[in-house]
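Structure first, then comments.
No lab work stands behind these numbers, since they all come straight from the coordinates. Just so you know, these numbers come straight off a predicted model, no measurement behind them. Please note: Cβ atoms are built from the backbone with ideal geometry, for glycine as well, and neighbour counts cover all protein chains shown.
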Number of protein chains: 2
Amino acid sequence: MRGMAPSVFPTPDHDHGRCTADALAHAEALCEARSQRLTPIRRQVLEALLTSHKPLGAYEIIELTGQEGARPAPITIYRALDFLIENGLVHRIESRNAFIACIHNHAISDFVVFLICERCGAVGEVSSRAIGETLSNAAKAAGFTPKAPVVEVSGICAHCRGV
Amino acid sequence: MRGMAPSVFPTPDHDHGRCTADALAHAEALCEARSQRLTPIRRQVLEALLTSHKPLGAYEIIELTGQEGARPAPITIYRALDFLIENGLVHRIESRNAFIACIHNHAISDFVVFLICERCGAVGEVSSRAIGETLSNAAKAAGFTPKAPVVEVSGICAHCRGV
DNA sequence: GATGATTTGCTGCATTGCAACAATTAGTTT
DNA sequence: AAACTAATTGTTGCAATGCAGCAAATCATC
């Protein structure tokens, strides 16, 4: 079910618990395979992001992870985020200074476009080979060797536009 | 030598004074046409960006504009930047928290790709209809109504790769 | 020059992000 | 199990980015 037409936006009625659980399982498997440690803190940060399904600022994550009195320091969250981003489990949304869990199973190098709804804050994730190639060609035409493209598009999602 | 394929990266040997002067003249004409005021501060900020030809942080601009003892407050620079961005004279590079003068004469709505050299910091500006359309189509396929795409590509420019 | 709108100055502060070192924990070896 | 090494987390502190709110100055128009 995954692969050909990946769900771009998570529909409001999707099985959220399931999708969170799946993503967590995937994260565990991936860390296992790489001999990386998905420690409690890292797991909590990932869970917070998966649960929200929207981009969260680092300080919002602090709120969400430290319920029981003691809340983690900012640097703790940033370190967990660094780990998750390096392992392709989380993306950083540059235009928002925020972070979002990746619900696709793509490689870190895969080309990704983020569609960010200005109204509800939802983020759609499109992985388009066509765009990647077009972009890559344009870069090369300018003598530029591309590395990590950041493509973030603001707009209004189908749901908010009132389908 | 230039012209049809618009200069993506400013070559290191281009007539810098000329290009700065041209851009300033264009900015003046544009503000005039719109009954907007290109005040001294706004002009100084634009000049600083044009002179550097690289993305500058807001606080770098403060350094560059306040030589004679009194340096402008951050908010002053941010306000000038807001004005310049609204009028399409300056772009914000989200992935760097930095700003760069626009040396093309495109409309605000035009689609622009920034090629950011990781080594020398130079920024190339490509305006590609093909990319714009591909992106727009992908967004629409997801039921998304796009507004302002941010496309920023890190990499190594031709000059630094040692042409 | 009085009036209203725009711009700038000023004070203060919120947000984002990380450095540096100590303490702890996990994993490995003897 | 004790010792050792590497990775992770805690703590303190702070740098960088960005803006709110109000007062003062400037501009445009009548």
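Rounded if a/c is under 1.5, else prolate if a/b is larger than b/c, else oblate: which is region B:15-103, with a ≥ b ≥ c the root eigenvalues of its Cα gyration tensor? Kindly include the intermediate steps, with their values, before the conclusion.
Working: a/c = 1.33, a/b = 1.26, b/c = 1.06.
Because its axes are fairly even, with a/c under 1.5, region B:15-103 counts as rounded.
Write out the GluC sites (Glu not before Pro) in region B:43-138 meeting two conditions: DSSP loop, and at most 10 other Cβ atoms within 10 Å of their Cβ. Don't jump to the answer; show the numbers that get you there.
Numbers: sites: B:E47, B:E60, B:E63, B:E68, B:E86, B:E94, B:E118, B:E125, B:E133; in loops: B:E68, B:E118.
When the GluC sites (Glu not before Pro) of region B:43-138 are filtered for loop state and at most 10 Cβ neighbours within 10 Å, B:E68 remain.
I'd like the mean, over residues of A:114-127, of how many other protein chain beta carbons sit within 10 Å of each residue's own Cβ.
That works out to 2 on average.
Pop out the Kirkwood hydrodynamic radius of the protein assembly as shown from its pairwise C-alpha distances, inverse of mean 1/r, in Å to one decimal. Intermediate results must be reported in sequence, preceding the final value.
Values: mean 1/r = 0.0462 Å⁻¹.
Every distinct Cα pair counted, the radius reaches 21.6 Å.
At a threshold of 8 angstrom on Cα-Cα distance, excluding pairs fewer than six apart, so keeping six or more, what relative contact order does chain B reach in percent? All intermediate terms of the calculation are to be shown ahead of the outcome.
Values: 177 pairs, mean separation 32.0, N = 163.
So the answer I get is 20 percent.
Measuring from a point 7 Å out along Cα→Cβ, what nm distances, shortest first, does B:R18 have to its partners in the other copies?
6.5
Helix B:74-86 versus the longest principal axis of chain B: what angle, 0 to 90°, nearest 10, using Cα atoms?
Computed tilt is about 50 degrees.
Anything over 30 Å Cα to Cα? Flag those among A:K140/B:K140; B:K54/B:K140; A:K54/B:K140, in the order listed.
Too far apart for the 30 Å limit: B:K54/B:K140.
Among residues other than B:G155 whose Cβ falls under 12 Å from its Cβ, what is the net charge (Lys/Arg +1, Asp/Glu -1)?
Summing Lys and Arg as +1 and Asp and Glu as -1 gives +2.
Compute, for the protein assembly as shown, the length of the dipole vector about the Cα centre, with Cβ point charges of +1 (Lys, Arg) and -1 (Asp, Glu) only. Units Debye, rounded to 20.
140 debye
Return the long-range amide H neighbours of A:S128 (sequence gap of 5 or more, or a different chain), with a cut-off of under 5 Å between placed amide H atoms.
A:V113
Given Cβ point charges of +1 (Lys, Arg) and -1 (Asp, Glu) and nothing else, what value in debye, to the nearest 20, does the dipole of chain A about its Cα centre take?
With only Lys, Arg, Asp and Glu charged at Cβ, the dipole is about 260 debye.
What's the longest bit of chain A with no exposed trypsin sites (Lys or Arg not before Pro), using DSSP loop states and at most 16 other Cβ atoms within 10 Å as the test?
After excluding every exposed loop site, the longest remaining stretch is A:38-118.
Taking the Cα atoms of region B:33-80, report the difference between the largest and smallest coordinate on each principal axis, in whole Å and largest first.
Sorted largest first, the three principal extents are 32, 23, 17 Å.
Along Cα-to-Cβ, 7 Å out, sits the label point; list in nm, shortest first, how far the one on A:T39 is from those in the other copies.
Nearest first, the other copies' label points are 5.0 nm away.
From the phi angles alone, apply the Karplus equation (6.51, -1.76, 1.60; θ = phi - 60°) to region A:26-34 and give each ³J(HN,Hα) in whole Hz, x where the residue is Gly or Pro.
4, 4, 4, 4, 5, 5, 4, 4, 9
Kindly write out, for region B:51-56 in residue order, the coupling ³J(HN,Hα) from the Karplus curve 6.51 cos²θ - 1.76 cosθ + 1.60 (θ = phi - 60°), rounded to whole Hz, with x marking Gly and Pro.
So the Karplus estimates, Gly and Pro as x, are 5, 6, 6, 10, x, 10 Hz.
Under 5 Å between amide hydrogens, which residues at least 5 positions from A:G88 or on another chain qualify, with H placed 1.01 Å from N in the peptide plane?
Correct list: empty.
Shortest first and in nm to one decimal, what separations exist between A:D110 and its copies in the other chains, measuring from label points 7 Å along the Cα-to-beta-carbon line?
3.4
Using the C-alpha gyration tensor of chain A, what are the square roots of 5 times its eigenvalues, in whole angstrom, with the largest one first?
26, 20, 17
Quick one: what does P(r) look like for region A:106-163 with 10 Å bins over all Cα pairs, in whole %?
All Cα pairs, binned at 10 Å, distribute as 22, 41, 26, 9, 1 percent.
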